[in-house]
Amino acid sequence: MDPASIITLISVLAPLATNLILMLTHPDGSQTIIAKVQAAEALNAQNAKDLEALLSKTAPPAK
Amino acid sequence: MSRFGRIQLLRLRIAAALLLLVVLAACQDATLKKIAQAELDVEQTQATAIKSLDTLYSAGSITAADVQTVGGILKQINVANGQAIAITKNLAQLDPASRSNLRDIIVPLLNAVNAGLTNGVINIKDPTARASISASLSAIAVSLTIIQQQLGG
């Protein structure tokens, strides 16, 4: 196999190898990150609603 | 150098490059994971703080003005952390531009929370209520500091 073919083969295999090693070294890796960000996003929206309701409830009466 | 030797050298270089790639990917993964966790922690603490404010107000431990003051700080946190989450959501890796954008959100927010701890909570008369709200804001400041540290500033 000539060097150019080896490089082509490696460029295809490298991302797969990276993901495989990441999965082995970080079993909960990127999936956990996505899950955490999604949970944070949902909670952020809920907190915005709850906070708005509380601020409206305690707002000084309009003059 | 023989053809065999050149191929061996090439293999060695490719293996070294792969190893570097894996190490870099693992580091990025760890950094993003810490940022995502801290953003979630901010929201969870904020949820507790909002409930706590509501309970303390209903019990008469704090005034409506106190709720407005602390609620204003929580609103700043909610908006800014929402922006940080939106950036993190789209990241496969923490590139310099995203790092800079996140820092532009987190650093002023951390300053605002610290200012709130110094000035916003001080007028709350009930010591138990004051301690409770301070604890929530302090926990949020800790999470924001973790994000700031991960961003390298």
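Based on what the data block shows, is B:I73 surrounded by 16 or more Cβ atoms within 10 Å (Cβ to Cβ) and closer than 29 Å to A:L13 by Cα?
no
Give the stretch B:108-132 a look and list any residue that's in a helix (DSSP H, G or I) and loosely packed, with under 15 Cβ neighbours inside 10 Å, or say none.
Those that are in a helix (DSSP H, G or I) and loosely packed, with under 15 Cβ neighbours inside 10 Å: B:P108, B:N111, B:A115, B:T118, B:N119, B:P127, B:T128, B:A131.
Would you call B:L94 surrounded by 15 or more Cβ atoms within 10 Å (Cβ to Cβ) and either touching a residue at least 40 places away in the same chain (Cβ under 8 Å) or of a type in the set (K, R) (or both)?
On the way: surrounded by 15 or more Cβ atoms within 10 Å (Cβ to Cβ): yes; either touching a residue at least 40 places away in the same chain (Cβ under 8 Å) or of a type in the set (K, R) (or both): yes.
Judged against the criteria, B:L94 is a match.
If I ask for residues that are within 14 Å of B:A112 (Cβ to Cβ), at the interface with chain A (Cβ under 7 Å from one of its Cβ atoms) and of a type in the set (A, V, I, L, M, F, W, C), which ones from the stretch B:71-88 would you list?
B:L74
Residues checked against (1) assigned to a helix (DSSP H, G or I); (2) within 9 Å of chain B (Cβ to nearest Cβ); (3) modelled with pLDDT under 70:
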residue	(1), (2), (3)
A:A4	yes, no, no
A:L9	yes, no, no
A:P27	no, no, yes
A:I33	yes, yes, no
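Yes/no per residue for (1) under 19 Å from B:G116 (Cβ atoms); (2) surrounded by fewer than 16 Cβ atoms within 10 Å (Cβ to Cβ); (3) more than 17 Å from the chain's Cα centre (by Cα); (4) modelled with pLDDT under 95:
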{"residue": "B:A15", "(1), (2), (3), (4)": "no, yes, yes, yes"}
{"residue": "B:L18", "(1), (2), (3), (4)": "no, no, yes, yes"}
{"residue": "B:V23", "(1), (2), (3), (4)": "no, yes, yes, yes"}
{"residue": "B:C27", "(1), (2), (3), (4)": "no, yes, yes, yes"}
{"residue": "B:K33", "(1), (2), (3), (4)": "no, no, no, yes"}
{"residue": "B:Q44", "(1), (2), (3), (4)": "yes, no, no, no"}
{"residue": "B:L56", "(1), (2), (3), (4)": "yes, no, yes, no"}
{"residue": "B:T69", "(1), (2), (3), (4)": "yes, no, yes, yes"}
{"residue": "B:N78", "(1), (2), (3), (4)": "yes, no, no, no"}
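Limited to the stretch B:89-101, what total is found for residues that are out of contact with any Leu (no Cβ under 8 Å at 6 or more places or on another chain), aliphatic (A, V, I, L, M) and within 14 Å of chain A (Cβ to nearest Cβ)?
The initial filter retains those residues of the stretch B:89-101 that are out of contact with any Leu (no Cβ under 8 Å at 6 or more places or on another chain), namely B:89-90, B:92, B:95-97, B:100-101.
Adding the requirement that they be aliphatic (A, V, I, L, M) leaves B:92, B:97.
Applying the additional criterion that residues be within 14 Å of chain A (Cβ to nearest Cβ) yields B:92.
Number of matching residues: 1.
The values are calculated or read from the model by the stated rules, or taken from the named source; none is laboratory data. As the structure is a prediction and not an experimental result, all values here were calculated from the model. We place every Cβ from the backbone using ideal geometry, glycine too, and count neighbours over all the protein chains shown.
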